[in-house]
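The values are calculated or read from the model by the stated rules, or taken from the named source; none is laboratory data. Note that the structure is a prediction, hence the values are computed from the model and not measured. Heads up, the Cβs are rebuilt from the backbone with ideal geometry, glycines too, and the neighbour counts pull from every protein chain shown. All accessible areas refer to the heavy atoms of the entire protein, side chains included, with ligands and DNA or RNA removed. Shrake-Rupley method; radii C 1.70, N 1.55, O 1.52, S 1.80 Å.
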Amino acid sequence: MRVSTEFLLSAVSAAQFPRAAAPEIAFLGRSNVGKSSLLNALVGATAARVSQTPGRTRAINFFLISVENARTRLVFADLPGYGYAKIAKSISAEWPKFIEPYLEKRAALRLCVCLVDANVPAQARDAQLLAWLRAQGRAFVVVATKVDRLSGNARTRNLAALQDGLQVGEILPVSAKTGYGLKQLWEKIGEAGTEGLRDEGLRR
Ligand code: GDP
């Protein structure tokens, strides 16, 4: 699959969000979960590099993604990693103020890719985010990162425990290091992206 990535902009307020150009896919997760590595594996180094540039780590970074010579166009929105802080009342309490409005109101947003580390037990912070997305009626997929670090048995055990702890029916295991699960993740992203295209005439 051929993918090209064009950096659009970094937004640090709702006023700076780009005009919706294509169905949008948001990437969310705690700092260090492996989000940059996964973006790098999915669409190439540009996205990861931009998102790790000092000053941009607290922004939403938007990328225009063209798949197979622009037959499919998507926008990837890389959200700032959230911290290890205790549970907060509002999901935005430890996040910049524009994140919650983005997740609440962004009409082009089709799918939230929520990353958790396959090697770490379910975290209240992640469960809280998922509960909030559910309450908003946002479509999401939970992706467990760094599965290459786990052997078969431990992998099965951890994924089952995460599924239980986060109260989700399905978790997609991936490894940015080996490429495991990336095809399945692309499929989810593709499905979410094309559903939106039909409704709104965004297809080119
Ligand atoms: P971010 O803060 O969420 O963007 O996380 P990074 O992508 O910077 O990764 C955090 C750490 O996890 C780094 O040391 C990465 O090398 C490591 N890491 C990320 N993805 C993988 C993976 O798939 N497998 C393994 N073994 N390590 C990973």
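Side notes on the structure shown:
- Within the stretch 32-46, if we keep just the residues that are farther than 13 Å from V113 by Cβ and open to solvent by less than 40 Å² (accessible area, probe 1.4 Å), the residue that is nearest to the ligand (Cβ to nearest atom) turns out to be S36.
- Condition met for V143 (closer than 18 Å to S37 by Cβ, within 16 Å of the ligand (Cβ to nearest atom) and touching a Phe, Trp or Tyr at 6+ places or on another chain (Cβ under 7 Å)): no
- If the condition is being open to solvent by 10 Å² or more (accessible area, probe 1.4 Å) and either more than 10 Å from the ligand (Cβ to nearest atom) or more than 16 Å from A59 (Cα to Cα) (or both), then the stretch 13-31 contributes S13, A14, A15, Q16, F17, P18, R19, A20, A21.
- Within the stretch 57-78, tally of residues that are within 12 Å of the ligand (Cβ to nearest atom) and in contact with an Asp or Glu (Cβ under 9 Å, 6 or more places away or on another chain): 1
- The stretch 183-204, subset outside any helix (DSSP H, G or I) and either of a type in the set (A, V, I, L, M) or open to solvent by 100 Å² or more (accessible area, probe 1.4 Å) (or both), residue modelled with the highest pLDDT: L202
- Considering the conditions (1) under 16 Å from the mean Cα position of the chain (by Cα); (2) without any contact (Cβ under 8 Å) to a residue 60 or more places away in the chain; (3) open to solvent by less than 40 Å² (accessible area, probe 1.4 Å), L74 is excluded by exactly one of them, (2).
- For the stretch 134-151, the tally of residues that are in a helix (DSSP H, G or I) and open to solvent by 50 Å² or more (accessible area, probe 1.4 Å) stands at 5.
- Within the stretch 152-182, tally of residues that are among the hydrophobic types (A, V, I, L, M, F, W, C), away from the ligand (no atom under 15 Å from the Cβ) and either in a helix (DSSP H, G or I) or surrounded by fewer than 18 Cβ atoms within 10 Å (Cβ to Cβ) (or both): 4
- Of all residues in the stretch 31-81, those being outside any loop (DSSP other than H, G, I, E, B), touching a helix residue (DSSP H, G or I) at 6+ places or on another chain (Cβ under 7 Å) and over 21 Å from T178 (Cα atoms) number 9.
- Qualifying residue in the stretch 117-133 (condition: among the β-branched types (V, I, T), within 16 Å of the ligand (Cβ to nearest atom), out of contact with any strand residue (DSSP E or B) (no Cβ under 8 Å at 6 or more places or on another chain) and part of a loop (DSSP other than H, G, I, E, B)): yes
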